[in-house]
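The values are calculated or read from the model by the stated rules, or taken from the named source; none is laboratory data. Since we're looking at a predicted model, the values are computed, not measured. When we count neighbours, we look across all protein chains shown, and the Cβ atoms used for this are built from the backbone with ideal geometry, even at glycine. The accessibility values were calculated without ligands, DNA or RNA, using every heavy atom of the protein model including side chains. Shrake-Rupley method; radii C 1.70, N 1.55, O 1.52, S 1.80 Å.
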Amino acid sequence: RLVHLDLKGAAPRPQYLEQLLPLLRTLGATGLLLEYEDTFPYTGPLEVLQAPHAYSPEELQALLSWARAQDLDVVPLLPFPLQFVLKHREFAHLREVKELPNALNPHKEESLALVKAMIDQVMALHENLQWFHIGCDEVFYLGEGEESKQWLQQQNNTPEKLCLSHIKAVATCLAWSYPTVTPIVWDDMLRGMSEETLAESGVPQLVQPMIWDYGTDINIEGKVQLIEKYRRCGFSKVWLASAFKGATGINQSLTLIGHHLRNQLEWLQVARRSPADVLEGIALTGWQRYDHFAVLCELLPVAIPSLAVCLQTIKNGGFSEKIRENVENILGMPNLEIDTFMSPSVGTFPGSNILTLVTQISFHLKSSVDDLLERNRYATGWFTLYHRKRKIIHPIIVHHFQPDAVRLFSKWNAVVQDLQVAMEPVFHRCAIEEWMEENVHPSLQKLQEVLDDLDEA
């Protein structure tokens, strides 16, 4: 039971992860799927890939040591097709399509050298790895580069074979240097391929596919048949992947537990109907961005109640009132709401104060400002955009309207400052700024502009 930590957005500070790992173990996690992306401490020519908030080698070694202390397996995830690499000018010449940083050109020797260099640096900081996730999902635009188009014109060459040869090259690169480590790949590029194509490619002997579906309407029979198909093709083991956050809205700020709980329950049905010896495990994914260039989804502390419910459900093979009570006790949350968004309630788990304040802001900030500016009779009747532009106002209207606007602004400023204080021990400044700019500033700026216009008028 791997908990996926997507570090390509709002990567938590090491101190927060140190507090979190014992909780994950208590809830039923047996490992971590660490998607480092630009937070890994690359060196040499790869140093340019590091984000300003990347972990130092010492911080990363501390994290891996804490994971070992909790008996959690670590599975690194390098997200080939490498958007976070190909966006850099230094590596733009390795793009499949010149203008797009979506896929690596599989025909260049330098592409494979880059893959090998990245794997080597990640492996150098990890000990006793059993698995290494090499991504290979949603490889959009593979086959659309000039060299690929020429390759595809040759007899018997197909887009499927191009994709498989790329996966095989990356997996072989890992297998040659680290024969005891098994590569894992996302399965979405493989699902539609024929058994014959997959079997002939040699890929099934090299990797384990991870079948992902984050919905509540999984085609259970279809998934069972897909597992059987993968088995017939020669894959030794198969992984499943559910989600505990980051899969229900690209800019979602709150986690709907019920959706993710139903997702786990459907995967349990798939698991029960599949041969036990073919299932290696499940990854509970928690996406922080839909891709490298997207906005932030729900912050990790906000989704801890969802993760707790999902882990306990997978561990116990189902969900019951007793499991719900157990989760409430572990998290220190008296009223766990499953089918609606959580109301602002305090827990005792690490970062619970962030959940409380984010919930308050998500529920009430925009609506309260909109109410004041769009449904208050003084604003809509005596201080419209027309009046504001010309700085016209009857003095008595100021007395009716300004105190409410000032009170609302002061109230939200205090909540936002509390949230910033709560976030600072957990996140780097860049993550805090991004969340505020996306979720707070639009409404507060609207209110500030009205107050400025009132003063001038």
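Matching residues to (1) under 20 Å from the mean Cα position of the chain (by Cα); (2) in contact (Cβ under 8 Å) with a residue 24 or more places away in the chain; (3) not assigned by the TED database to the domain that holds LEU174:
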| site | (1), (2), (3) |
| --- | --- |
| THR30 | yes, yes, no |
| TYR42 | no, yes, no |
| GLN50 | yes, no, no |
| HIS88 | no, yes, no |
| LEU104 | no, yes, no |
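Is it fair to say GLY318 is surrounded by fewer than 22 Cβ atoms within 10 Å (Cβ to Cβ), in contact with a helix residue (DSSP H, G or I) (Cβ under 7 Å, 6 or more places away or on another chain) and within 28 Å of MET333 (Cβ to Cβ)? Yes, satisfied. Of all residues in the stretch 344-362, those satisfying the criterion of being touching a residue at least 24 places away in the same chain (Cβ under 8 Å) and in a helix (DSSP H, G or I) are SER352, ASN353, ILE354, LEU355, LEU357, VAL358, THR359, GLN360, ILE361, SER362. Can LEU112 be described as open to solvent by less than 80 Å² (accessible area, probe 1.4 Å), touching a residue at least 60 places away in the same chain (Cβ under 8 Å) and either more than 27 Å from LEU240 (Cα to Cα) or not acidic (Asp, Glu) (or both)? Taking the combined requirement at face value, the residue satisfies it. Would you point out which residue out of ILE396, ILE392, ILE432 is in contact (Cβ under 8 Å) with a residue 40 or more places away in the chain and not assigned by the TED database to the domain that holds PRO12? Within the list ILE396, ILE392, ILE432, the selection yields ILE392. Scanning the stretch 250-275 for residues that are crowded, with 21+ Cβ neighbours inside 10 Å and touching a strand residue (DSSP E or B) at 6+ places or on another chain (Cβ under 8 Å) gives THR255, HIS260, ASN263, GLN264, TRP267, VAL270. Take THR384 and decide whether it is within 30 Å of the chain's Cα centre (by Cα) and more than 30 Å from ALA276 (Cβ to Cβ). Judged against the criteria, THR384 is not a match. If the condition is being within 29 Å of SER201 (Cβ to Cβ) and either crowded, with 21+ Cβ neighbours inside 10 Å or aromatic (Phe, Trp, Tyr) (or both), then the stretch 234-246 contributes PHE235, VAL238, TRP239, LEU240, ALA241, SER242, ALA243. Taking the stretch 180-275 as the region of interest, the helices (runs of 4 or more DSSP H) fully inside it that hold 3 or more residues being under 27 Å from the mean Cα position of the chain (by Cα) are 220-233, 257-272.
At least 3 residues being open to solvent by 60 Å² or more (accessible area, probe 1.4 Å) and closer than 27 Å to LEU20 by Cα is the threshold, and among the helices (runs of 4 or more DSSP H) wholly inside the stretch 383-457 those reaching it are 395-423, 429-439.
Tell me whether the stretch 301-318 contains one or more residues that are farther than 22 Å from LEU72 by Cα and not in a helix (DSSP H, G or I). Taking every residue of the stretch 301-318 in turn, at least one turns out to be farther than 22 Å from LEU72 by Cα and not in a helix (DSSP H, G or I).
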